[in-house]
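The values are calculated or read from the model by the stated rules, or taken from the named source; none is laboratory data. Because the structure is predicted, anything quoted here is derived from the model rather than measured. Using ideal geometry, Cβ is built from the backbone for each residue, glycine included, and neighbour counts are taken over all protein chains shown.
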Amino acid sequence: MKIYLVGGAVRDELLDCPFKERDWVVVGATAEEMLAAGYQQVGKDFPVFLHPDTKEEYALARTERKTSPGYKGFKVHADPAVTLEDDLRRRDLTVNAIAKDEFGEIIDPYNGLQDIHDKILRHVSPAFSEDAVRILRVARFAARYLHLGFIVAEETMQLMKDMVAAGEVDALVPERVWQEMLKALDERAPSRFIEVLRDCGALKVILPEIDNLFGVPQPAEHHPEIDAGVHTLMVLQQACKLSNNTDVRFAALVHDLGKGVTDKAEWPKHIGHETRSADMVVEMCKRLRIPNDYRDLAERTARFHLHYHRALELKPATLVKTLEQLDAFRKPERFEKFLLAAEADAKGRTGYENKHFEQGNYLRKALKAANKVDVTALREQGFENLELAKKIKEERIRLVSEISALT
């Protein structure tokens, strides 16, 4: 039995990047031997075991053979005769097909070290094309290591294009798309994830609502960058500067979906795109089975981001109504995330990246003022039910009017 550290931990150690998990491959052992040594098997058909002490994953060296469409359509073969090289060959990228033995020696049968040196993401073998999820993974790694200068190898990009043309991406299940998308949103440069998917043609299959934004013009006086797709990626980049929360970044990414379906006769204007965007967000989240909290923040960001831009111009009554529609009184944490996503939208324009916008602070002050309504005192005055609700709103408007007068 020989044990090797493999995959991401080896790659990131070589790149001097932090890593959280370590994965191990065991060569020359059987499942019975692993169980006898105190390891706990995970799953019935997959030869992966948890270490009795560290609980880290130890997998028997294995090969895989494609038997049917989908990410579950693989026949796994594991026995003591499978070599380390056999196991590494089934991995997606050469930089992920490097192992390290107990003495610290690097085993690199597929030239992953050279690709790390050259900053290239390259597939290990033609078997890459058997699993469309690997397209998403390549895009995600491109997002993770963009700051180091990594690019996708030309032959890998061509293979990904061929997979898209062959309809392989059509078989991706919603859960896997969202799982990889969520991980990408947590990377340093999520916009690169979108760019790589667009470059290989997968974006129009997986996220057609976002793909449709590219090539759509916007009014130059408000959007010097013109292109709605370019603006969307700029907004996502600004969201990454403002927040580490993936729900804020997701909201930034999908805030303008409605511009992708504006009638060309109306270009470059996009009247009513907020409502269209909000409806499309809901449909996208339903299709990809995206969690409700992500959907709710994104839907409100899409529907009300222009209210943020015009906040300083809104009448107190309209401002209070907007706070109510955003559910800011009950969910102030989500309201704060909305403000961050909306600020990212304001800054995600050529020439506006470093501009200060006062709208967020103004809306925060408005909410703070409106929250000072003494509901208990109103009840003691005899207000109840609909009359109480009406009086609360009147008081909120009065208090917001006071801070509005000072602005």
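Tabulated data
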item: Tally, over the range 358-372, of residues that are surrounded by fewer than 18 Cβ atoms within 10 Å (Cβ to Cβ) and free of Cβ contacts under 8 Å to residues at least 40 places away in the same chain; result: 5
item: Filtered residues of the range 120-149 (kept if among the small types (Gly, Ala, Ser), touching a Leu at 6+ places or on another chain (Cβ under 8 Å), crowded, with 22+ Cβ neighbours inside 10 Å and in a helix (DSSP H, G or I)); result: ALA139, ALA142
item: Matching residues, the range 271-295, being over 24 Å from VAL205 (Cα atoms) and in contact with a helix residue (DSSP H, G or I) (Cβ under 9 Å, 6 or more places away or on another chain); result: GLY272, ASP293
item: Residue check for ARG122: touching a helix residue (DSSP H, G or I) at 6+ places or on another chain (Cβ under 9 Å) and under 21 Å from LEU172 (Cα atoms); result: no
item: Of all residues in the range 1-16 being without any contact (Cβ under 8 Å) to a residue 40 or more places away in the chain and hydrophobic (A, V, I, L, M, F, W, C), the one that is surrounded by the most Cβ atoms within 10 Å (Cβ to Cβ); result: ALA9
item: Any hit, the range 67-78, residues being at pLDDT 80 or above and out of contact with any helix residue (DSSP H, G or I) (no Cβ under 6 Å at 6 or more places or on another chain); result: yes
item: Residues that are surrounded by 14 or more Cβ atoms within 10 Å (Cβ to Cβ), touching a residue at least 60 places away in the same chain (Cβ under 8 Å) and not basic (Lys, Arg), drawn from the range 175-192; result: VAL177, TRP178, MET181, LEU182, LEU185, ASP186, PRO190
item: Enumeration of residues in the range 279-300 that are over 18 Å from LEU182 (Cα atoms) and either crowded, with 22+ Cβ neighbours inside 10 Å or in contact (Cβ under 8 Å) with a residue 40 or more places away in the chain (or both); result: MET280, ARG300
item: LEU113 vs. criteria at pLDDT below 95 and either surrounded by 14 or more Cβ atoms within 10 Å (Cβ to Cβ) or part of a helix (DSSP H, G or I) (or both); result: no
item: Single residue of ILE206, ILE210 found to be closer than 22 Å to ARG349 by Cβ and either within 14 Å of the chain's Cα centre (by Cα) or in contact (Cβ under 8 Å) with a residue 60 or more places away in the chain (or both); result: ILE210
item: Filter result for LYS331 (buried (at least 18 other Cβ atoms within 10 Å of the Cβ), under 26 Å from the mean Cα position of the chain (by Cα), within 30 Å of VAL282 (Cβ to Cβ) and not hydrophobic (A, V, I, L, M, F, W, C)); result: no
item: Where a residue in the range 27-52 is more than 12 Å from MET1 (Cβ to Cβ) and at pLDDT below 95 and its partner, wherever it lies, is among the basic types (Lys, Arg) and surrounded by 12 or more Cβ atoms within 10 Å (Cβ to Cβ), with Cβ under 7 Å and at least six apart; result: PRO47/ARG62
item: Tally of residues being in a helix (DSSP H, G or I) and either at pLDDT below 95 or hydrophobic (A, V, I, L, M, F, W, C) (or both) across the range 150-169; result: 8
item: Residue count for the range 308-332, restricted to those that are under 22 Å from GLU225 (Cα atoms) and assigned to a helix (DSSP H, G or I); result: 2
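Yes/no matrix, rows are residues, columns are (1) closer than 22 Å to ARG287 by Cα; (2) in contact (Cβ under 8 Å) with a residue 60 or more places away in the chain; (3) of a type outside the set (Lys, Arg):
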site: ILE135; (1), (2), (3): yes, yes, yes
site: ARG140; (1), (2), (3): yes, no, no
site: ALA143; (1), (2), (3): no, no, yes
site: LEU148; (1), (2), (3): no, yes, yes
site: VAL152; (1), (2), (3): no, no, yes
site: GLN158; (1), (2), (3): no, no, yes
site: GLU168; (1), (2), (3): yes, no, yes
site: VAL173; (1), (2), (3): yes, yes, yes
